Structures are given as C-alpha cells and as structure tokens.
Amino acid sequence: MSCTAVIERRLRSVGLRVTAQRLAVGEALLHAADHRTAEEVQARLQAESAQPVSLATVYRTLHTLVQHRIAGHLERGHGSAVYEWLDPQHPHHHAVCVDCGAEVEIPPRLLGRLERAMRAESRFTPFLDHLALTGRCAACAVAAGAS
C-alpha cells in the first residue's frame, strides 16, 4: 500500500476529510526517521512544493492529527514540542530525561498492567498508543546524587 493510501485510510477511519495539507503533513511524519518539530515539517513541505506552506497551517494540521491520535505529540521541555506518525499496530512509548533530554523507548508490554489496573480500579480507559514519561536517565541521576 502506498504512503498516500495509508494516510488516506487513517484519515477516513477517524472521520476526517482527506485534504492536501493533511496528506502533506502526514507524509512528512510518516517518512521521518525520528520526531519532527513543526518547523521541520514546514521545511520539508517547502522543499517539496512550489506552493508556500505557512507555519500556522502546519500547526493546525498537526493539532488535528494529534486530536485524532494519528500523530503523537511529545513535549521535550522549554517549549520544544515534536511530533511523529502513530502506527496503531505498533504503539511505542518514551521515557525522557528532564535534565539532558535523552530518550528511552519503553516496551508496550510494561504498560499493559497499568491499562488493566486503570480500567478495573478507576473505570478509566487510557489511550496508551503513545505515552511519554519524564524522569532522569541513569547518568543524570548519578550526577544529581539520586538513585
């Protein structure tokens, strides 16, 4: 299946119209090897199109994709936010160091217990397709004198 078809299918599956902006932003995220800032998404779109793309349009489109859990949003502190394409078949989670910004992937199986406990004890269904936890990496914990 082509990238465009994957994006169109995801948009339609959540009831969104397929627009040129959503396709372009979706492709920029889907093809990214890592998280992207809105400015990086805009730069990619500008490089690939003769039409100017405003940063406001990129932010609005990213916001819509995040609201519908097509894209993930991760705050890296100090106002820095990054985005990524979410694959519902392969959820992934991050632990982000508050001191140095190092990131560690958290295996989804670790969150299965949390999800079951939340449903049973609080009658709350968490969306665990994308999660970012903050804390300290081992190196920063040693430097801070924590264990």
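Each reported figure results from applying straightforward, stated rules to the coordinates on display, with no laboratory input. These numbers come from a predicted model, not from an experiment. Positions of Cβ are backbone-derived with ideal geometry, glycine not excepted, and every protein chain shown enters the neighbour counts.
Numbers at a glance
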read-out: Residues located in region 92-147, provided they are assigned to a strand (DSSP E or B) and more than 20 Å from residue 69 (Cβ to Cβ); value: 95, 97, 103, 104, 134, 135
read-out: Members of region 114-139 found to be over 21 Å from the mean Cα position of the chain (by Cα) and of a type in the set (Ser, Thr, Tyr), listed by number; value: 122
read-out: Any hit, region 72-86, residues being surrounded by 15 or more Cβ atoms within 10 Å (Cβ to Cβ) and in a helix (DSSP H, G or I); value: no
